[in-house]
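First, the structure itself, so that you have it in front of you.
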Amino acid sequence: MPFQPSEEDNWGNEAETMNIDRSNVGRQLAFGFGRHSCLGMHFARLEMSATPEAMIRHVPDIQIENPEFATITTVRGSERMTARFFTH
C-alpha cells in the first residue's frame, strides 16, 4: 500500500505482536471510530484477553500447527489456524 505508513511507524518494534494494552490502541480501525465505532469493542477486547488466559489455565498443552495467513487489501489475519489441545 503506497500511501499507508509502515506498521513499524505506527506500532513500534513489536508491530507484529498482538497487544491490546498499547498506549495507542485506539488508533487502529478494526472497531471503527467516532459515532461509527463498534458498540461491542470493549467486550471484544475483554474477551481477547480473558479467553487465552482461561485456556492456558485449563488446557496446559496447546500447540498451533501451520498457521495460514491471508492479506486482503489492508487487513492481515489468519485464514486458518489449527490448534491441538492436550489435557493429559
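Can you name the number of the only condition in (1) surrounded by fewer than 10 Cβ atoms within 10 Å (Cβ to Cβ); (2) at pLDDT below 70; (3) not in a loop (DSSP other than H, G, I, E, B) that Glu8 fails?
With respect to (1) surrounded by fewer than 10 Cβ atoms within 10 Å (Cβ to Cβ); (2) at pLDDT below 70; (3) not in a loop (DSSP other than H, G, I, E, B), Glu8 is out only on (1).
Now for a different question. Taking region 55-88 as the search range and keeping residues that are among the hydrophobic types (A, V, I, L, M, F, W, C) and surrounded by fewer than 10 Cβ atoms within 10 Å (Cβ to Cβ), which one is farthest from Thr17 (Cα to Cα)?
Pass one, region 55-88, residues among the hydrophobic types (A, V, I, L, M, F, W, C): 55-56, 59, 62, 64, 69-70, 72, 75, 81, 83, 85-86.
Still in the running and surrounded by fewer than 10 Cβ atoms within 10 Å (Cβ to Cβ): 72, 75, 86.
Numbers: Ile72: 19, Val75: 15, Phe86: 25 Å.
Step by step, filter region 55-88, then rank; the result is Phe86.
The rows are residues; the columns are (1) in contact with a Leu (Cβ under 9 Å, 6 or more places away or on another chain); (2) of a type in the set (Val, Ile, Thr); (3) modelled with pLDDT of 85 or more.
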site	(1), (2), (3)
Arg27	no, no, no
Phe33	no, no, no
His36	no, no, no
Leu39	no, no, yes
His42	no, no, yes
Leu46	no, no, yes
Glu53	no, no, no
Ile56	no, yes, no
Ile62	no, yes, no
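The values are calculated or read from the model by the stated rules, or taken from the named source; none is laboratory data. No experiment lies behind these values; they were computed from the predicted model shown. Because the Cβ atoms are built from the backbone with ideal geometry, glycine has one as well, and the counts that use them run over all protein chains shown.
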